[in-house]
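> This is the structure I want to talk about, given as structure tokens.
The values are calculated or read from the model by the stated rules, or taken from the named source; none is laboratory data. No experiment lies behind these values; they were computed from the predicted model shown. Backbone-built Cβ (ideal geometry, glycine too); neighbour counts: all protein chains shown. We work out accessible area using only protein heavy atoms, side chains counted, and drop any ligands, DNA or RNA first. Shrake-Rupley method; radii C 1.70, N 1.55, O 1.52, S 1.80 Å.
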Amino acid sequence: MPAPNSPSMLKKDASAETRSIASTSDNSADDDNKLLEIGYVPSFKREFSNVATISFAFSIMGLCSSIATTFNTPLTLGGPTSVTWCWILGATMCFTLGSSIAEIVSAFPTCGGLYTASAQLVPRNQRAIVGWVVGWLNILGQIVGLSSTEFGLANMIWAAVVVGRGDTYEVTAGKSVGLFAGLLVLHGILNCLATRQLARLTSGFVFINLGATFIIIIVLLATTPRSEMHSASYVFGSDGFVNNTGGWNNGIAFLFGLLSVQWTMTDYDATAHISEEVRRAAYAAPSAIFIAVIGTGIFGWILNIVLVLCSGPLENLPGPSGSAFLEIMVLRMGKPGALFIWAFVCLTAFFVCQTALQAASRTVYAFSRDKGLPDRGFFGHVSTWTRTPLRAIWLVTVVAIVPGLLDLASDIALNAIFAMTAMALDLSYIIPIFCRRWYRNHPEVKFTPGPFYMGDGIIGWIANVNCILWTLFVCIIFALPTELPVNGNTMNYAAPITGGVILLSLVWYVLGGRKHYKGPQSNRTDLDTAAPDDVLVAPADREKAEMHQVV
């Protein structure tokens, strides 16, 4: 056997390393060629590995932190039974939506995500208007989603301060907004890192996310005496049902539990928005979405069951901190142990905001690149220093601060803005899914499936139709006020605001947007001879594609 440092062994090591580099290079070339076929010149470095991509997908949902942020709503309105059953019901339906999104992302792995895909799935004369509506809905949902998650993180930190310093500590609106704005600026700074550094940073997110979830489950079960655990009837049956809505019937009160799971399991297409930075994007991006949806659904259900099982008297929740999740941990673990683990829950929320800002900035970049913003492509610029869209990053950061400022004026207005996160995002998802099926036989629509594909058989149809109908149903639940009677303090403004944004965007399109926006357009110079209304035309030949890739 040759010595470890012998020439033959060194030669083998060098050869293996060369093959590894060549394989990575070939994968990147294939990804870039696919992007060129869609119609875009590669602008980013592909530094996200499979692990980093899966970690990104898990992090955008922020399992334990998202549940911590929204746990109060189902627990206090519909009770423990609503918490447990609505989660698994919503997660099952979200699985069909995630799968439907994944197959479109696999076919169109661009940073525009479903926005770019939507224009390819309709006839040419409808591409601009469909792309416009989907683009603005998606951007709206992502920015207010970032804002709401960041504000939730600020409130989680202040809840820990209240627990640590005593129930008499007062958290003012100014303190909440100040911490919220500071955290957003910090995330803006972190997102200015180069793609390779972002990928390395993201790789560890999934382990902290799932690790914190498992630790909470184990410690709660270990520290709760068997005699103090609730019965199965309380967790799953009628003993755990309450109706604190002030007038809604029991069915509506129960369904308000969907607000938690739908808010947690959203922003599926965030992974698509970094697909131009992902290796083997047509495989990795949809697979990460698929895995994250299944994992979040299953582990989230287990966490909700354990929280209810160990929750103690319902009348004591949400407690002085305003967070039922944290109060349950304090009850069972004591203040020191609860606050120690809570720090990791807050860290998970911190990761959610980091990935959400990265995804939102790529969407704004893509929309600006396609002249969807009245900025003449200013925000569709990639920094030559970091190879990331710095202008779009700071635009999103600044705009995301604005909704949080509403807390200084009114809690109701702030909650209305945040309530429309899932509504706006989910509507932007089902439009391209519907268009793919509705125009499947149209001569101008040619959907070429990617590696992740459910097929045109019964499974694919059931998944697509189910997710469309479910999303429309959930949007109705989102639009209802959670308490009766309806007055200025209980009115849910989510639906009017979302509808108003759609209406204003359409008016804007008619009055001026259509003059500069023609739908997602190729930025390849060898396609300059194409008709002005053509979008994302495939390349004429491979030699030109390779030439532009080099450039």
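> Among (1) farther than 26 Å from residue 421 by Cβ; (2) surrounded by fewer than 24 Cβ atoms within 10 Å (Cβ to Cβ), which single condition is residue 240 missing?
Only one criterion in (1) farther than 26 Å from residue 421 by Cβ; (2) surrounded by fewer than 24 Cβ atoms within 10 Å (Cβ to Cβ) is unmet by residue 240, namely (2).
> While we're here: Kindly indicate whether any position in segment 134-143 is surrounded by 24 or more Cβ atoms within 10 Å (Cβ to Cβ) and touching a Cys at 6+ places or on another chain (Cβ under 7 Å).
no
> Here is a list: 374, 336, 318. Which entry is outside any helix (DSSP H, G or I), farther than 30 Å from residue 134 by Cα and open to solvent by 30 Å² or more (accessible area, probe 1.4 Å)? Please lay out each step first, then the result.
Details: 374 fails: farther than 30 Å from residue 134 by Cα; 336 fails: outside any helix (DSSP H, G or I).
The unique qualifying residue is 318.
> So, one more: For segment 474-489, give me each residue that is surrounded by fewer than 13 Cβ atoms within 10 Å (Cβ to Cβ) and under 26 Å from the mean Cα position of the chain (by Cα). Explain how you work it out, then say what you get.
Pass one, segment 474-489, residues surrounded by fewer than 13 Cβ atoms within 10 Å (Cβ to Cβ): 476, 485, 487-489.
Scanning segment 474-489 gives a single hit, 476.
> Which residue out of 185, 219 is under 22 Å from residue 308 (Cβ atoms), open to solvent by 20 Å² or more (accessible area, probe 1.4 Å) and assigned to a helix (DSSP H, G or I)?
Values: 185 fails: under 22 Å from residue 308 (Cβ atoms).
Exactly one of 185, 219 is under 22 Å from residue 308 (Cβ atoms), open to solvent by 20 Å² or more (accessible area, probe 1.4 Å) and assigned to a helix (DSSP H, G or I), namely 219.
> If the requirement is being polar (S, T, N, Q), open to solvent by 60 Å² or more (accessible area, probe 1.4 Å) and either part of a loop (DSSP other than H, G, I, E, B) or farther than 17 Å from residue 117 by Cα (or both), which of these qualifies: 441, 466, 492? Reasoning before the result, please.
Values: 466 fails: open to solvent by 60 Å² or more (accessible area, probe 1.4 Å); 492 fails: open to solvent by 60 Å² or more (accessible area, probe 1.4 Å).
Matching residue, one of 441, 466, 492: 441.
> Could you identify the single residue in 463, 413, 419 that is at pLDDT 90 or above and in contact with a helix residue (DSSP H, G or I) (Cβ under 8 Å, 6 or more places away or on another chain)? Step through it out loud before you land on a result.
Working: 413 fails: at pLDDT 90 or above; 419 fails: at pLDDT 90 or above.
So the residue among 463, 413, 419 that is at pLDDT 90 or above and in contact with a helix residue (DSSP H, G or I) (Cβ under 8 Å, 6 or more places away or on another chain) is 463.
> Then there is this: Answer with yes or no whether residue 343 is under 23 Å from the mean Cα position of the chain (by Cα) and within 27 Å of residue 98 (Cβ to Cβ). Spell out the reasoning first.
Working: under 23 Å from the mean Cα position of the chain (by Cα): yes; within 27 Å of residue 98 (Cβ to Cβ): no.
So residue 343 does not fit the description; no.
> Among the numbered criteria (1) part of a loop (DSSP other than H, G, I, E, B); (2) closer than 30 Å to residue 515 by Cβ; (3) among the polar types (S, T, N, Q), which single criterion is violated by residue 142?
Here residue 142 clears every test but (1).
> Would you pick out the residues in segment 324-377 that are under 17 Å from residue 398 (Cα atoms), of a type in the set (S, T, N, Q) and touching a residue at least 40 places away in the same chain (Cβ under 8 Å)?
Let us first name the residues in segment 324-377 that are under 17 Å from residue 398 (Cα atoms), namely 353-365, 368, 373, 375.
Pick out the ones that are also of a type in the set (S, T, N, Q) and you get 354-355, 358, 361, 363, 368.
Of everything in segment 324-377, those that are under 17 Å from residue 398 (Cα atoms), of a type in the set (S, T, N, Q) and touching a residue at least 40 places away in the same chain (Cβ under 8 Å) turn out to be 354, 355, 358, 361, 363.
> All but one of (1) assigned to a helix (DSSP H, G or I); (2) at pLDDT below 95 hold for residue 167; state the number of the condition that does not hold.
Every condition holds for residue 167 apart from (1).
> Hey, another quick one. So which of 224, 168 ends up being open to solvent by 60 Å² or more (accessible area, probe 1.4 Å) and either in contact with a helix residue (DSSP H, G or I) (Cβ under 6 Å, 6 or more places away or on another chain) or closer than 30 Å to residue 331 by Cα (or both)?
Values: 224 fails: open to solvent by 60 Å² or more (accessible area, probe 1.4 Å).
The match here is 168.
> Let me ask something else about it. Could you grab the pairs with beta carbons closer than 7 Å, sequence gap of 6+ or different chains, first residue in segment 438-457 and touching a residue at least 24 places away in the same chain (Cβ under 8 Å), second one open to solvent by 60 Å² or more (accessible area, probe 1.4 Å) and among the aliphatic types (A, V, I, L, M)?
Listed pairs, sorted by first residue: none to list.
> Next up: For segment 225-248, which positions are of a type outside the set (Gly, Ala, Ser) and either under 15 Å from residue 86 (Cα atoms) or assigned to a loop (DSSP other than H, G, I, E, B) (or both)? First the steps, then the outcome.
Step one: list which residues in segment 225-248 are of a type outside the set (Gly, Ala, Ser), which gives 225-226, 228-230, 234-236, 239, 241-245, 248.
Passing the criteria: 225, 229, 230, 234, 235, 236, 241, 242, 243, 244, 245, 248.
> A further question follows. Quick one: which of 396, 382 is modelled with pLDDT of 90 or more, of a type outside the set (S, T, N, Q) and either in a helix (DSSP H, G or I) or open to solvent by less than 30 Å² (accessible area, probe 1.4 Å) (or both)?
Working: 382 fails: modelled with pLDDT of 90 or more.
Result: 396 is the single residue among 396, 382 that is modelled with pLDDT of 90 or more, of a type outside the set (S, T, N, Q) and either in a helix (DSSP H, G or I) or open to solvent by less than 30 Å² (accessible area, probe 1.4 Å) (or both).
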